[in-house]
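Accompanying notes for the structure given below.
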Amino acid sequence: MVESRPEDAERLAGALAAGDRRALARAITLLESTRAEDRAQAERLVGALMAKAGGAIRLGISGSPGVGKSSFIEAFGLRLLEKGHRVAVLAVDPSSELSRGSILGDKTRMPELARNPGAYIRPSPTGGALGGVARRTREAVIAVEAAGYDVVLVETVGVGQSETDVADLTDMFLLLLAPGGGDELQGLKKGIVELAHALIVTKADGDLKPAAERAAADYKGALGILGPGAPGQSRGGAWRPQVLLCSAHERTGLDKIWQTVEAYRGTLGEAGLRDRRARQAKRWMWREIEDGLMAAFKSDPAVAERARALEADVGQGKTSPAAAAAELMQRFRGSRA
Ligand SMILES: Nc1nc2c(ncn2[C@@H]2O[C@H](COP(=O)(O)OP(=O)(O)OP(=O)(O)O)[C@@H](O)[C@H]2O)c(=O)[nH]1
Ligand SMILES: [Mg+2]
């Protein structure tokens, strides 16, 4: 193996599409690389993969820590494999920089799925800003689709911006909820519930079953109050969010969830799906520009030279935020002229 030889993007794309799992792993590693010299190669690879991608249904899965995301994905993924699907699991882990904990945990909590040749599990990359993590996940979706996986599950823990990002790179967003009922609902950020196409109450088994059923009824009521969301808005079209129950341990409720995914997909239609993805792509373009501009701005020597002093002035009320920003932007433009 000549490790340092730059990998030919087209060849890698070809091997990956032909079903070479190691090529897929190498491709995602390249897409995840934060090294500037890998970026051009990564972009060529994405370019080569785009034509082969887009064929999967992309499902975002979120929920609080411990709600049962990994267990659900294991059970749901295995059920989908039985139905003849090929399942890829990607994780967006906003805490990975800090803890690195849940990433390893995820693979060990999906032991059967991880072993199955019809499934591909990619733990989330460590390091980098969340914006970067979202980009890498977006590109990893393209890679697994080009490799022929037709169901892509993107998991994130319900923290901060990551849920919004995941909803924005998937076709359908599933929010997992513990069987806690009303209390749980109090803690939910309304914005997140509004992104969800389905609320899934987990752990509907054993002693927890009655609580899960009560919780589901509560959520149904709450959704009625929230309303279906404006047409064409975040949830899209005529879809009404569903409340479902499942048990990963007893493997119940999984078929109903898949039927709901298919029903949603049917409601969206080809044009609706294209439209949703097109809107997402446009938003991501602007996000890339914002991220790129900010990075260039912050690393600009002329800006850096004055930024700290101006920040201090703004903090002390000596200069207005707008005036300080204007001066820094002036410097930024000046150093580019
Ligand atoms: N009774 C019951 N317990 C479950 C079920 N699914 C998960 N659990 C339990 O809930 C706990 C958390 O499950 P995970 O699947 O790791 O949850 P998670 O949401 O992935 O957790 P984090 O990745 O840490 O955020 C574990 O102790 C599981 O055994 C279920 O269907 N029924
Ligand atoms: Mg987990």
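To keep it simple, each residue is scored yes or no on (1) closer than 19 Å to Leu16 by Cα; (2) within 16 Å of ligand 1 (Cβ to nearest atom); (3) free of Cβ contacts under 8 Å to residues at least 40 places away in the same chain.
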{"residue": "Thr34", "(1), (2), (3)": "no, no, no"}
{"residue": "Asp38", "(1), (2), (3)": "yes, no, yes"}
{"residue": "Met50", "(1), (2), (3)": "yes, no, no"}
{"residue": "Gly54", "(1), (2), (3)": "yes, no, no"}
{"residue": "Ser62", "(1), (2), (3)": "no, yes, no"}
{"residue": "Gly68", "(1), (2), (3)": "no, yes, no"}
{"residue": "Ser71", "(1), (2), (3)": "no, yes, no"}
Query raised in the report: What about Ala75, is it touching a His at 6+ places or on another chain (Cβ under 9 Å) and assigned to a helix (DSSP H, G or I)?
Result: yes
Report task. Being at pLDDT 95 or above and buried (at least 24 other Cβ atoms within 10 Å of the Cβ) is the filter; apply it to region 143-162 and report the residue that is nearest to ligand 2 (Cβ to nearest atom). Result -> Leu153
Report summary line: If we keep only residues of region 69-86 that are in contact with a Leu (Cβ under 9 Å, 6 or more places away or on another chain) and not hydrophobic (A, V, I, L, M, F, W, C), then the residue surrounded by the fewest Cβ atoms within 10 Å (Cβ to Cβ) is Arg79
Query raised in the report: Filter region 109-130 for residues that are at pLDDT below 90 and hydroxyl-bearing (Ser, Thr, Tyr); which is nearest to ligand 1 (Cβ to nearest atom)?
Result: Ser124
Query - Residue check, Arg240 within 30 Å of Ala212 (Cβ to Cβ), at pLDDT below 95 and of a type in the set (Lys, Arg) - result: yes
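The rows are residues; the columns are (1) over 33 Å from the mean Cα position of the chain (by Cα); (2) basic (Lys, Arg).
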| position | (1), (2) |
| --- | --- |
| Arg277 | no, yes |
| Met285 | no, no |
| Met294 | no, no |
| Lys298 | no, yes |
| Pro301 | yes, no |
| Ala307 | yes, no |
| Ala325 | no, no |
Requested in this report: Being free of Cβ contacts under 8 Å to residues at least 24 places away in the same chain and assigned to a helix (DSSP H, G or I) narrows it down to one of Trp286, Trp258, so name that one.
Outcome: Trp286
Report task. Taking Glu82 as the residue in question, decide whether it is modelled with pLDDT of 95 or more and not aromatic (Phe, Trp, Tyr). Result -> yes
Query raised in the report: Do we find a residue being in contact (Cβ under 8 Å) with a residue 24 or more places away in the chain and under 24 Å from Ala53 (Cβ atoms) anywhere in region 295-307?
Result: no
Query raised in the report: Can we say Gly292 is touching a strand residue (DSSP E or B) at 6+ places or on another chain (Cβ under 7 Å) and either modelled with pLDDT of 95 or more or more than 16 Å from ligand 2 (Cβ to nearest atom) (or both)?
Result: no
Query raised in the report: Any residue at all in region 221-230 that is more than 16 Å from ligand 2 (Cβ to nearest atom), of a type in the set (A, V, I, L, M) and modelled with pLDDT of 95 or more?
Result: no
Report task. Working carefully through the options Gly66, Gly60, Gly47, find the one that is on the phi > 0 side of the Ramachandran plot and either buried (at least 18 other Cβ atoms within 10 Å of the Cβ) or modelled with pLDDT under 95 (or both). Result -> Gly66
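The values are calculated or read from the model by the stated rules, or taken from the named source; none is laboratory data. A quick note: this is a predicted structure, and the numbers were derived from the prediction, not measured. Neighbour counts are summed over all protein chains in view; Cβ atoms, including those assigned to glycine, are modelled from backbone coordinates with ideal geometry.
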